[in-house]
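**Q** Structure provided below as structure tokens; questions to follow.
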Amino acid sequence: MPKEFSVYSVESVTSGHPDKICDQISDAILDECLKEDPESRVAVESFGGHGLIVVGGEVTSKAKVDYKRIAFEVYRGIGYEDDLEVIVNIVTQSPDIALGVDTGGAGDQGIMYGYATDETPEFLPKGVVLAHKLTAGLERMRRSAEVEWLLPDGKAQVTIDSGKTAAVLVSASHREGISYEKIRQTLKDQLIIPIVGDLADENILVNPTGKFVKAGFEADTGLTGRKIMVDTYGGIMPHGGGCFSGKDATKVDRSAAYMCRFAAKNIVAAGLSRNCVVAVAYAIGRAEPLMLEAIGENGKDLTEVLKRNFDFRPRAIIERLGLRKPIYRETSVYGHFGKENLPWERMVDMI
């Protein structure tokens, strides 16, 4: 079992963060393919910055998708109004990969992990939950016009010490001409304190440089899959290294990570352990995992329970979790876990 840190920090980012813009474009394209053709094979990456988006990758599908239109709609829907050039370079999936996937094997080699803890109702570490609530709160305040000077780009970071919130950092992009004092007081009173509770003033940091007007693609570049710790467990649990967004469920980077979370959450929910890490490894083209293990609190071996209740062959994962449906745009912001309506978050009976 990985060491459980008594002190740790985790972060989250808003939908307007450059990396998250790219994740959303890639997952919106995946959903569009799946709407027309549930058997679509999709591996799409987006790169953007300074007025340009490049969408590339491999798509094998009967769907007719306007990639440029989707990229524009996602960008505008987030709240950006500047001009954007979109370049598309999409080809079909390599037939060498298809040889293994067509027979039910994994689409690539790799290692995936899942985690759950009874620390919160979401079965996630407290810091992860709070960080996502802060960034989602920034977006809610902006979209509702509760705070009219907020802009789409933003981040939050939470430090937990022995189960208690020790420090909070929020960086929020804003319109020109708003004083630092107003930004800090507004976000402290309307966002931070309502979510995390009272903190010493010196442990609340807001826009530490004093100004965050230049933001989004105007200030920085973004890339699909560059926020894998934000997407999962904040870096305090293992990660196999493969990102999720833009990939259909034949890519075990995504589907097996969801299955690991599904298994870990249900093991904890069944009262078999207060926390659980599930690990799986695959070889390309092979259905049966090379490794499958579940470890609970104090190193308790839960692997037999895992194997009795959960089938980790790629096709079995896709069928059990219903992963050919267009459900992925929702996962591309504020974490892939802890959202009750997603299929890998549901509770099942254990044997």
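**Q** Any idea what log10 I(q)/I(0) is at q = 0.14, 0.19, 0.25, 0.30 Å⁻¹ for segment 42-84, Debye with uniform C-alpha scatterers and no solvent?
**A** -0.36, -0.63, -0.96, -1.19
**Q** Next question, about the same structure. If each of Lys68 and Asp311 carries a label point 7 Å out from its Cα toward its Cβ, how far apart are those two points in nm?
**A** Reported label-point gap for Lys68 and Asp311 is 4.5 nm.
**Q** Taking the Cβ of each residue in Phe310, Phe72, Phe212 as the centre, tally the other Cβ atoms inside 10 Å and list the residues starting with the fewest.
**A** Working: Phe310 23, Phe72 15, Phe212 20.
Least to most surrounded, the residues fall as Phe72, Phe212, Phe310.
**Q** Considering only lysines 8 or more places apart in sequence, or on different chains, count the pairs in segment 215-351 whose C-alpha atoms sit under 29 Å apart.
**A** Final tally of qualifying lysine pairs is 21.
**Q** In addition: P(r) for segment 212-270, please, calculated from all Cα pair distances in 10 Å bins and given in %.
**A** 19, 40, 25, 12, 3
**Q** OK, next. Quick one: among Gly114, Gly127, Gly299, which has the greatest mean-square fluctuation in a GNM of the chain with alpha-carbon springs under 10 angstrom?
**A** Gly299
**Q** Determine the gain in length on full extension of the stretch Glu202-Asp118; use 0.36 nm per residue of separation and subtract their C-alpha separation, reporting nm with one decimal. The partial results should precede the final answer.
**A** Numbers: separation 84, 0.36 × 84 = 30.24 nm, distance 3.03 nm.
Length difference between fully extended and current span is 27.2 nm.
**Q** Match the structure shown to one of the listed values (i) 21.0; (ii) 21.9; (iii) 22.5 of Kirkwood radius over Cα pairs in Å, computed from it, and give that label.
**A** Structure-derived value, by its label: (i).
**Q** Relative contact order of the chain, please, whole-number percent, based on alpha carbon pairs below 8 angstrom and at least 6 residues apart. Walk me through the intermediate numbers first.
**A** On the way: 774 pairs, mean separation 96.5, N = 351.
In percent, rounded to a whole number, it is 27.
**Q** Student exercise: in segment 84-226, how many lysine pairs 8 or more apart or on different chains have Cα atoms under 25 Å apart?
**A** 19
**Q** Would segment 1-87 count as rounded, prolate or oblate if I go by the C-alpha gyration tensor, calling it rounded below 1.5 in a/c and otherwise prolate when a/b exceeds b/c, oblate otherwise? Could you put the intermediate results ahead of the total?
**A** Values: a/c = 2.63, a/b = 1.38, b/c = 1.90.
Because a/c hits 1.5 or more and a/b fails to exceed b/c, segment 1-87 counts as oblate.
Laboratory data are not the source of any read-out in this text; all were calculated from the coordinates shown. Worth saying up front: this structure is predicted, and the values here are computed from it rather than measured. Every residue, glycine among them, receives a Cβ derived from its backbone with ideal geometry; neighbour counts consider all protein chains shown.
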